[in-house]
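Q: Here it is, the structure in full.
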Amino acid sequence: MRFADIIGQEDLKRHLTRSVDAGRVSHAQLFTGASGYGSLAVAVAYVQYLCCRHRHDGDSCGECPDCRQIATLAHPDLHLVFPVNKQGKRSGEAMLSDEFLPLFRELFAERKGYFTSQEWYDRLDLGKTLKGMISAREADEIIRKLSFKSFESDYKTMLVWLPETMNEEASNKILKILEEPWDRTLFILVSEHPDRLLPTILSRTQEVNVPRIAPEVLEREAVRRGVSDPVQARNMARLAGGDVIELGHLVAGESDALRKENFDLFCALMRLSYNDKHLELIGWAEELAQLSREQQRAFLRNAARLLRESFMLHAGIPQIGYLWGEELAFCRKFAPYVGTRNIEPLIAEIERAGAQIAQNGNPTIVFTHFALTVSKMIRHL
């Protein structure tokens, strides 16, 4: 994967190429950012640029043996670790990334490096509740692989996707390697939630922040994908929130049903909160608890968006909003209940619930507490 294949991120690409050209290559780097921002794709492009024998004009050549092998994640000096699991796993059975590497390569090639953890778990057929993880046994395998000499490149690279899925034992084993790295060994950690990593791991890595993709870039991407109406392309780019995966869902219309379901849940929560219907709020929480964790997180993201849009209507700046149809009609009525006194606590409560769900908290408990807390904030405005 070349930097030319990355959507947007021009400033970051220039920074990475200049650091390699100047010989400033940290042995442990932490690429942070959502999958839809291109964090994994950028990390692979960076490794390819580092290993390319004929790089020029700020990019790898894409033709040399190293480039061809890294582009397919099949280079002998590029080792991959990612969260894995399977249905019906026996007690004590350790899953290793190598067993699922062909499946991971297949998904990477299909999506050009842009896919979410949930899409990976769906490919593994893990169901609604089972999630992937990186085990202590995997950490032992990392140590074993890195003890070998490199085959073709100057660097041996260990790319760990979603290191936050490591348990504490695995994290401590990785920490030892980061503290005493082998010569010409490169660690690339690609994380969506770096706050869940051990502080000692964070302190031993150089962070590379992969930011949201600029709206104008996503607008052009929407047009490239067949959206002919400029206004629709602009609205989609804004709603995607810097995430090209979400843009793809919007362009394909895949988000329409989910957005409607999330909108109905949001309206129900706010109406029950305003009317102080505690028993009904508990029922609302139980309904939300039946959804998959990815659907629950999607609801929370959408709720935060609608609250922010309502606040802008309340503040008298609707011209910078991106609402239409029934969302606009509801938020116009709801806007008087979202102001400077409660917008920040409401968003903080959403973020807290999202973090608890991501950490496998009991969804019934999480959303019951969430609903009752939101009810107090809406009622007391």
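Read-outs throughout are calculated quantities, based only on the coordinates presented, and are distinct from any laboratory measurement. Every value quoted in this text rests on a predicted model; they were computed, and no experiment measured them. All Cβ positions, glycine included, derive from the backbone under ideal geometry; neighbour counts span all protein chains shown.
Q: In nanometres, what is the gap between the two model label sites at residue 344 and residue 57, each 7 Å from Cα along Cα-to-Cβ?
A: According to this spin-label approximation, the distance is 4.9 nm.
Q: Spin-label point model (7 Å from Cα, Cβ direction): what's the residue 129 to residue 373 distance in nm?
A: Rounded to a tenth, the inter-label distance reads 2.4 nm.
Q: Wrap a convex hull around the Cα atoms of the stretch 212-253, take a quarter of its surface area, and give that in square nanometres.
A: 2.3 nm²
Q: For the residue pair residue 220 and residue 112, what label-to-label distance in nm results when each label sits 7 Å from Cα along the Cα-to-beta-carbon direction?
A: Each label point is offset 7 Å from its Cα along the Cβ direction, giving 1.3 nm.
Q: Mind checking the dipole of the stretch 204-343: about its Cα centre, +1 per Lys or Arg Cβ, -1 per Asp or Glu Cβ, Debye to the nearest 20? Before the final figure, lay out the partial values.
A: Working: 19 positive and 19 negative charges, 85 e Å.
So the dipole magnitude of the stretch 204-343 works out to roughly 400 debye.
Q: Using helices alone, I'd like the mean residue ellipticity at 222 nm for the chain: each DSSP H run of four-plus residues gives -39500 (n - 2.57), total over residue count, nearest 500.
A: That comes out to -16500 deg cm²/dmol.
Q: Something else about it: Given the Cα-Cα distance of residue 90 and residue 274 and 0.36 nm per residue of separation, how much length would full extension add, in nm?
A: Gain in length upon complete extension: 61.4 nm.
Q: Could I ask something else about it? If you project the alpha carbons of the stretch 3-209 onto the principal axes, what extent comes out on each, in Å, largest first?
A: Largest to smallest, the principal-axis extents are 51, 36, 32 Å.
Q: Okay, moving on. Highest GNM mean-square fluctuation, the chain, Cα pairs closer than 10 Å: which of 177, 201, 317?
A: 317
Q: Another one. Give me the dipole magnitude in Debye, nearest 20, for the chain about the Cα centre, with unit charges on the beta carbon: positive for Lys and Arg, negative for Asp and Glu.
A: 400 debye
Q: Non-local amide H neighbours of residue 208 (under 5 Å, H modeled in plane, Pro and chain starts lacking H): which ones?
A: 30, 31, 32
Q: Ok, one more. What's the extension gain from residue 5 to residue 140 if we count 0.36 nm per residue and subtract their Cα-Cα distance?
A: Working: separation 135, 0.36 × 135 = 48.60 nm, distance 3.37 nm.
Here the segment from residue 5 to residue 140 would lengthen by 45.2 nm.
Q: What is the distance in Å between the Cα centres of the stretch 115-153 and the stretch 12-43?
A: Result: 20 Å between the Cα centres.
Q: Take the Cα of residue 282, step 7 Å along the line toward its Cβ, and report every residue of the stretch 344-368 whose backbone nitrogen sits under 19 Å from that point.
A: From the stretch 344-368, the list is 362-368.
Q: Rank the residues 267, 51 as a footprinting-exposure proxy: fewest other Cβ atoms within 10 Å of their Cβ go first.
A: 267, 51
Q: Would you mind working out the magnitude of the charge dipole of the stretch 1-92 relative to its Cα centre, with +1 at each Lys and Arg C-beta and -1 at each Asp and Glu C-beta, to the nearest 20 Debye?
A: Result for the stretch 1-92 is approximately 460 debye, rounded to the nearest 20.
Q: At 20 Å minimum axial length over the Cα atoms and a Kyte-Doolittle cut of 0.5, report the qualifying DSSP H helices in the chain, or say none.
A: Long hydrophobic helices here: 343-358, 363-379.
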